[in-house]
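Below is one structure, written out as structure tokens; the observations come after it.
The values are calculated or read from the model by the stated rules, or taken from the named source; none is laboratory data. The model shown is predicted, which means the values in this text are computed figures rather than measured ones. Positions of Cβ are backbone-derived with ideal geometry, glycine not excepted, and every protein chain shown enters the neighbour counts.
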Amino acid sequence: ASSVSGLARPTVDALRAKILHHLEYTLAKDAGHSSRYDWRMATSFAIRDEMLKPWFAATRQTYDTGAKRVYYLSMEFLIGRLLEDAMINLGLHETIAAALAAEGQTLSDIIEDEPDAALGNGGLGRLAACFLESMATVGVPAHGYGIRYEHGLFRQRFEGGQQVETPEDWLSQPHPWEFARPEAAYIVGFKGHSELRRGKSVWVPGETVKASAYDTPVVGWQGKWASTLRLWAGLPTTQFDLERFNNGDYTAAAAPEALARTLSRVLYPDDTTPAGKELRLKQEYFMTSAALQDILRRYQSQFSTLADLPKHVAIQLNDTHPAIAGPELMRLLMDQHDMGWDEAQTVARATLGYTNHTLLPEALERWSTYLMGSVLPRHMEIIQRIDEDHAKAHKRPPSVGIVQHNEVKMGDLAFIMSHKVNGVSALHSELVKETVFHDLHKLHPDRITNETNGVTPRRWMRLSNPALSTLLDETIGEGWTRDLDHLKTLEPFAQDAAFREKFAAAKRANKVALAGWVQDTMGIDINPDAMFDIQIKRLHEYKRQLLNCFETIALWHNMRQTPDAGWTPRVKFFGGKSAPGYFVAKEIIHLINDVARTINADPVTGHLLKVVYPPNYNVSMAQRLIPAADLSEQISTAGKEASGTGNMKLTLNGALTIGTLDGANVEIRDLVGADNFFLFGLTADGVEKRRKNINHAREAIEDSQNLRDVLQMIVEGRFSPEEPDRYHGLVDRAWHHDHYLVAADFDSYWEAQRAADALYRTPQDWNRKAILNVARSGFFSSDRTIRGYMADIWDVPSALKD
Ligand code: 26V
């Protein structure tokens, strides 16, 4: 068996020659007449060459040892830029910078030229990307499977303060990291009917498309291992219709191709409601079926009996989007490989695991039996029989069952067809047991487990925060990059005044850099010594950007009344996109922008308060904002945010959190210490109780002078003088339909904010707490999360000897 060894790193001269070689032979360009794009592509190809060694070695070792493989099925992979990440993990950052400098090129400009691969909406997709990198670091033989969307998440612009979406076009330039694998292609069927042949059901699809593979390698820290992201593109199965074309019917000749390609055309930008659309269901089945066919083909090239599949294969479902994997795996085993029903069900269940990422009822997928039966008739039969089996095997209450009220509940299907079901934070996993899967949990008490989310410290510290990374290296050594628990050894330095100075200097340098970018891109002048207060995430009512916006208005109002009262200067940052059809979220964006415009123009408070909402928040913008944050806003209504991962990134980068007891905030606060966290608001239990009082909002508003003033200012048109009644609907809802308890939590939030203000005025105390946040955040590495999945769900050891 070949083994993966350490890297032999190329020299500056060798890399420089490599880059020039690619410029000349891959891009056919002359160094003297090359654009930034050309230099980026040549640099990317040079780095990609270096990825092949660990990638091949990992692949070979996995084959040679027959090691168990992990497959992560996800409709989203929010990977962002890849060049810098690959350079850092291969230890080539400085070498490449020097090689490019010798050619008169600036590395940072080249890095910035790369478009973000935005094949995801938010937390769920970014988690999948962190997991691929952590599996490559920890040494898991792993593939991610997804869709190669031509258009990733839309671009966001603001027009008159309102969100406008434009299509994202990352593939308009060739993607240098991928390898087309036209030889890895599978037929995926839809529609048609299921018929009996010699006593066996057989599906006769009415439509077919081809799924064609594209592979991107992901290398782990120090290039010791690599995982593969395999994305599927849709192609027609019919040959090009030359006769139609020659007859002049060009549109008809192109139709099959256009139809097949729609499957990988766009990412669904809606993460609130199942976009009850046939295309979404087809996309989910397309990805899942192609992945499972590929998995079985690879398995059969190595092993003989499919009964042993779970010994060699673990498949993880990233939420219910690939939940059709249960019936599809059974169908393939039964209809194509002659396995019996019971064995197929046992094998499928032992192979599959399901991760739940949300409790919001509107985000739980359900498909009408009509649609499921017409798009996937054979699967509908299998689903019905799985449900009947389950009913027979367990005395279940009438509310339990995959098919209810002519709908297929994909969560129940995923639960019943998986051997483990996990939540993504301690609180969330308990709520999963008590709420969505209450009845199923009673029947299967050992199935639900917790795997608290994490983030990769390579991208979210070493890459994005070189200032703090260098300080950490100098103070505690580099070991934290591989084992984030090393950060514990930083704790004593919180008491060291000289270290606190250095820590503060690193943070300040990041804030100065961010302030420069804000000035250049938005023309807003901000003070790097003000507290940088940051809320970055998708726009959602439950995340309560509105609460933050109301507090901003109250703060401004109070500052105006007593400008000399010793206020702590603040810059409020917002970042995030709304689903295009989510009216209420879009109205909140509009209000934040109106408030920003008003406050930023006020000469009275100009030195005290600014509001900054840069458009088109994405992974690269997160990398810019997070290292510069002082205060992390994690203010969701308790019980609603499954975990959060931005909260972890901000803690790791030395921001203090102002937050509710929700999602992973609970664990963050336990670990960093209650003294080092600004807690406010109702608990998950308190929220449920408070809602029983139908007057909860009115009573809270009547009790709060501050909040009444805020609502009054909005309703009077202070922020929208050109259209004074613009927010009448919003204010009316705040009084009468405040489902997320903004009013009930307002005063408590205000108090916590003032406590943050007070602490910020004593920098040594603030910095001591910020250092303790960093030192105690080691738990939130996605390497730890992956080790949890390996031990509790996948039963896979590391392939790396350490
Ligand atoms: C649902 C749908 C419905 C159909 C259209 C596309 C679409 C896309 C996503 C979703 C569900 C999104 C669930 C989600 O993103 N959950 C987040 O997962 C993070 C990682 O576990 C977690 O940190 C966040 O708290 C949680 O909101």
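The residues in segment 190-209 that are under 23 Å from Ala258 (Cα atoms) and buried (at least 19 other Cβ atoms within 10 Å of the Cβ) can be counted, and the count is 2. Taking every residue in segment 40-61 that is touching a residue at least 40 places away in the same chain (Cβ under 8 Å) and pairing it with any residue that is hydroxyl-bearing (Ser, Thr, Tyr) and part of a helix (DSSP H, G or I), at least 6 positions away or on another chain, the pairs with Cβ-Cβ distances below 9 Å are Met41/Thr26; Phe45/Thr26. Of the numbered criteria (1) of a type in the set (Ser, Thr, Tyr); (2) under 23 Å from the mean Cα position of the chain (by Cα); (3) surrounded by fewer than 17 Cβ atoms within 10 Å (Cβ to Cβ), the one Ser304 fails is (2).
Inclusion of Gly581 among residues that are surrounded by fewer than 16 Cβ atoms within 10 Å (Cβ to Cβ) and closer than 20 Å to Leu631 by Cα is not warranted.
If only residues of segment 600-649 that are free of Cβ contacts under 8 Å to residues at least 24 places away in the same chain and either among the aromatic types (Phe, Trp, Tyr) or away from the ligand (no atom under 16 Å from the Cβ) (or both) are counted, the one that is surrounded by the most Cβ atoms within 10 Å (Cβ to Cβ) is Gly606. Reported count of residues in segment 106-150, each being of a type in the set (Asp, Glu) and under 23 Å from Ala791 (Cβ atoms), is 1. Looking across Val403, Val436, one residue alone is away from the ligand (no atom under 16 Å from the Cβ) and assigned by TED's automatic domain parsing to the domain that holds Arg366. It is Val403. Note on segment 684-802: enclosed helices (runs of 4 or more DSSP H) holding 1 or more residues that are of a type in the set (D, E, K, R), without any contact (Cβ under 8 Å) to a residue 60 or more places away in the chain and over 30 Å from Leu471 (Cα atoms) are 684-691, 696-703, 705-715, 728-736, 742-760. Out of all the residues in segment 369-380, is one or more within 21 Å of Thr449 (Cα to Cα), hydroxyl-bearing (Ser, Thr, Tyr) and either at pLDDT 95 or above or within 16 Å of the ligand (Cβ to nearest atom) (or both)? No, every residue in segment 369-380 fails to be within 21 Å of Thr449 (Cα to Cα), hydroxyl-bearing (Ser, Thr, Tyr) and either at pLDDT 95 or above or within 16 Å of the ligand (Cβ to nearest atom) (or both). Exactly one residue out of Glu159, Glu94 is free of Cβ contacts under 8 Å to residues at least 12 places away in the same chain and under 30 Å from Leu539 (Cβ atoms), and it is Glu159. Could you tell me whether Asp446 is charged (D, E, K, R), in the same structural domain as Gln336 (by TED's automatic domain parsing) and in contact (Cβ under 8 Å) with a residue 24 or more places away in the chain? No; evaluated as a whole, the condition is false for this residue. Only one entry in Thr43, Thr62 is among the hydroxyl-bearing types (Ser, Thr, Tyr), part of a helix (DSSP H, G or I) and touching a strand residue (DSSP E or B) at 6+ places or on another chain (Cβ under 8 Å), namely Thr62. From the list Leu329, Leu317, the lone residue that is among the hydrophobic types (A, V, I, L, M, F, W, C) and in a helix (DSSP H, G or I) is Leu329.
For the residues Leu100, Leu52, Leu83, the requirement of being in the same structural domain as Gly220 (by TED's automatic domain parsing) and out of contact with any His (no Cβ under 8 Å at 6 or more places or on another chain) singles out Leu83. Taking the criterion of being more than 16 Å from the ligand (Cβ to nearest atom) and not in a helix (DSSP H, G or I), the residues of segment 650-678 that qualify are Asn653, Gly654, Ala655, Leu656, Ile658, Gly673, Phe677, Phe678. Pairs meeting the criteria (first residue in segment 237-256 and outside the structural domain of Ala185 (by TED's automatic domain parsing) and under 24 Å from Ala211 (Cβ atoms), second residue surrounded by 15 or more Cβ atoms within 10 Å (Cβ to Cβ) and basic (Lys, Arg), beta carbons under 9 Å, at least 6 apart or on different chains) are lacking. Counting residues in segment 461-476 that are within 27 Å of Arg81 (Cα to Cα), touching a strand residue (DSSP E or B) at 6+ places or on another chain (Cβ under 8 Å) and either modelled with pLDDT of 95 or more or within 16 Å of the ligand (Cβ to nearest atom) (or both) gives zero. Within segment 226-284, the set of residues being modelled with pLDDT of 90 or more, aliphatic (A, V, I, L, M) and more than 16 Å from the ligand (Cβ to nearest atom) comprises Ala226, Leu229, Leu231, Ala233, Leu235. In the set (1) closer than 30 Å to Ala118 by Cβ; (2) of a type outside the set (D, E, K, R); (3) more than 16 Å from the ligand (Cβ to nearest atom), the condition left unmet by Gly681 is number (1). For segment 100-140, filtering for residues that are away from the ligand (no atom under 16 Å from the Cβ), among the small types (Gly, Ala, Ser) and touching a helix residue (DSSP H, G or I) at 6+ places or on another chain (Cβ under 7 Å) leaves 2.
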